[in-house]
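Participant: My questions all concern the structure below.
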Amino acid sequence: MVQQRATAPRRPRGWLVHLLGAVVLTVVYLLPLPDAVRSTGMSVFGVSALVVSAVVVRRRRPGPAWSWSLVPVCAGLFLLGSALRPWANGRAGLAAFAPDPFSLAGYALLVVVLARMARAVGGLRREVVVDVLVASLAGAAAAVQFLVLPVLEVPGRSVVWSVLAGVYPLFDVVLVVLALDLIMSAPGVVAHRWLCGAVACLLVGDVGYAVMTRLGRSAPPTAFDAPFLVAYFLLVVAVLHLPRPGAAPVAPAPTYDAWSAPRLVVLCVSLLGAAFLASVRTDQGLVGQVAAFTLLCVMIGLVLVRAVAAVNGQAAARAVLEHRATHDALTDLPGRDEFERRVTALTAGSRGSGGHVVLFVDLDGFKRVNDTHGHVVGDLLLQEVSTRLRTVAPEGSVTARLAGDEFVLAVPGPEAAAVRCARDLLDALRRPVRLPVGDVLVSASVGVAPVLTTLSVALREADLAMYRAKSEGRNRFVLWDDALRRAVGDEVEFELDLRCAVAEQTLEVHYQAIVSIATGVPRGVEALLRWNHPLHGPISPAVFVPVLEETGLVLEVGQWVLDTALADLAGWRDAGVVGEDFLLSVNVSPRQLLEEEFADTVRDRLAAHGVGGTALLLEITESSMLEKDDRTLHLLDRLRGLGVGLAVDDFGTGYSALSYLRSFPVTRVKVDRSFVSGLGRDGTDAAVVRAVVAVSEALGLAVTAEGVETEEQRAVLAGLGVGHGQGWLWHRAESAGDVARHLREAGARYPRRGVPGGTQAAAKS
């Protein structure tokens, strides 16, 4: 048996509740009640609607400014006119028209309010103005034909009375057209719909009064005011649906259709009505027929004007969309596709006339500005840079923004003109940029390449020349020539060879012993990456490691080195070559420290080879310590939690600061070889090493000296209190097999497990 889930009764829709309220209000008003009761109820309800509207509008303050604020004013004018009408009914002279100035002022003010609302949400376009004129002319013709002229024929009716009989419906026609445009321009605003309903009720009431006047009967003011009572009710409903403070602004309709079905209905009804009015009465004389025909021609002319305006508007909108699609929104410069299209067209039409030269511009230090002052300031800087580029670009040049802080220029003429432009460009960008945060200084690196074959080739060559300018110190330009082409070709070939070496695992891991300076006993080894090129022989790590960093291959290679070194250490242990207190030191790239899963990788590799964390020492560079953030500190803390030691490699050569040693969980400092080479000859180097030892002892850090090559250096280091060292004095880096034989030969001198000092030395390492 399937149990049916109980569902809560559905609440009636809001619009249905409001419509039922309007119907009930109308029925109650039309009950056979005395006119005094109706008049009093009308006044009380009108005043209540006026007060509610004023209070809600004041509290919510909807936009556009002062538009909704005038709606209660319009209601007050209507209410004042309605209150005066019973008094004016039956009076003679100007007293009979006392309510009309207030009512007409309310209508005129409501026209202004609706027009401003429509304008604020993207409506009231040129086509809408024409629609209003066409509908107004048709309404005016209908009012004159069916209301004004028949009323003039009623005995005792003045011209003013006849004109007023047609003016009110004419105002209503204009209001209805504006209300429809408001709804079509912002269909999601509920308040606009109810406001349009109130306008429709005004139209019904005014037409009813006009018909009664044409029939020569004076309608009792309290008997034919039901539509106006409903209009007050719908006005309150519209105000109650206004957005609350802090709500999102009203969004216009996503698309605008000048020939939508509602707009076509308005035009067709207006034109057909005018044509009918021109032919319905044949007794109006020649003047009347000419006037009707002229009116019809004017309306047709307005429709033609509207059609031309709509076509021109669509063409202008299409041009705007094409411009936005092909240009950068921030700087209004052409994008890459538009730049290539323009330059290709120019080069195709200027063959044999000197051609074009491409300048590839990349800002120096833009990331620093963004990180320091925020992206808003960075955007302002890019806008100012684009202005300066336009200023220095020669006549006939094409300037574009490719992406981020990259710009490109295509300069006509020989290379000499492009070189002059590059110099002017660098001079222009060196000037401080005045921004809200103060003066900002930036420079640029520029690559210059002629368009010899295709534009895409020239862009690539200019890009490579720009990177060469950055590598040579920035704030300069580099011209693409044969020498640079050969150099770049060698670099590309070198990178390809290195990628092949990584893929084929032809790189090697060698090891250099780390010894006790006092006794010369090896305490561990450092894993060093080596590459023996099949054609060029051994390649220095100083040459190929930076390429690994630039290409991102260092992540793959770093993991392979760690896995290989741990496997070799485990093999040495199994063979009895080393004990468990023997230390393995592995270098870590800054890129590896940015990987969140690096600590997990180290943990998994240690477990896979059965090596404890205390046997591993990871060497980090000082540049890694500069990227001090919570993520890096958390990663290093996780590594220390595994028992892994952390050493600062090449200490003293970069941005050394004691605060880094205190902030990071390091366990060892490695003094760079540049401070070791002068020991025994240069007292300054000895003073630096002495200071490093003192600071390390104060912080509880072990010290290792790199590049020890002479006995004199070893003696000085021993006298300064340095505990460990590595260098050619004891051992050159060798392959795993050679190192194993070397360690086996020295095995009798290694401290064994349980020997005092062995575990302590390993822990410090």
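Values quoted throughout were computed directly from the atomic coordinates according to the rules given, and no laboratory measurement underlies them. In this text the structure is predicted, and so the values were computed from the model without any measurement. Here the Cβ is made from the backbone with ideal geometry for all residues, glycine too, and neighbour counts use every protein chain on show.
Participant: So how much slack lies between Val112 and Arg368, counting 0.36 nm per residue of separation and subtracting their Cα-Cα distance, in nm?
Facilitator: Length difference between fully extended and current span is 87.0 nm.
Participant: Apply the Kirkwood formula to segment 379-451: the hydrodynamic radius equals the inverse of the mean of 1/r over all pairs of different alpha-carbon atoms; give it in Å with one decimal.
Facilitator: For segment 379-451, the Kirkwood estimate is 12.9 Å.
Participant: Another question, if that's okay. What full-extension length gain, to one decimal in nm, is calculated for Leu104 and His323 as 0.36 nm per residue of separation minus the Cα-Cα distance?
Facilitator: That pair, Leu104 and His323, stretches by 74.2 nm at full extension.
Participant: May I pose another question? Using the beta-carbon distance between Leu70 and Glu504 and R0 = 60 Å, what value does 1/(1 + (r/R0)^6) give for FRET efficiency, to the nearest 0.05?
Facilitator: Once rounded, the FRET efficiency stands at 0.15.
Participant: Testing the spin-label approximation: label points 7 Å from Cα along Cα→Cβ at Arg638 and Arg486. State their distance in nm.
Facilitator: Placing both labels 7 Å beyond Cα along the Cβ direction yields 4.9 nm.
Participant: Right, next: Could you check the spin-label model distance between Glu472 and Glu709? Points 7 Å from the Cα along Cα→Cβ, value in nm.
Facilitator: Taking the simple label geometry, Glu472 and Glu709 are separated by 3.3 nm.
Participant: Please compute the Kirkwood hydrodynamic radius of segment 436-533 from all pairs of different C-alpha atoms, in Å with one decimal.
Facilitator: 17.7 Å
Participant: For Glu597 and Arg342, what is the calculated FRET efficiency with R₀ set at 41 Å and r taken between the beta-carbons, to the nearest 0.05?
Facilitator: With R0 = 41 Å, the Cβ-Cβ based efficiency is 0.30.
Participant: Size of the dipole of segment 460-610 about the Cα centre, Lys and Arg at +1 and Asp and Glu at -1 on the beta carbon, nothing else charged, in debye to 20?
Facilitator: Rounded to the nearest 20 debye, it is 440 debye.
Participant: From largest to smallest, what semi-axes in whole angstrom does segment 35-76 give when each is the square root of 5 times an eigenvalue of its alpha carbon gyration tensor?
Facilitator: They are 26, 9, 4 Å, listed largest first.
Participant: Jot down the per residue volume, in cubic angstrom and as a whole number, of the convex hull over the alpha-carbon atoms of segment 528-571.
Facilitator: That works out to 79 Å³ per residue.
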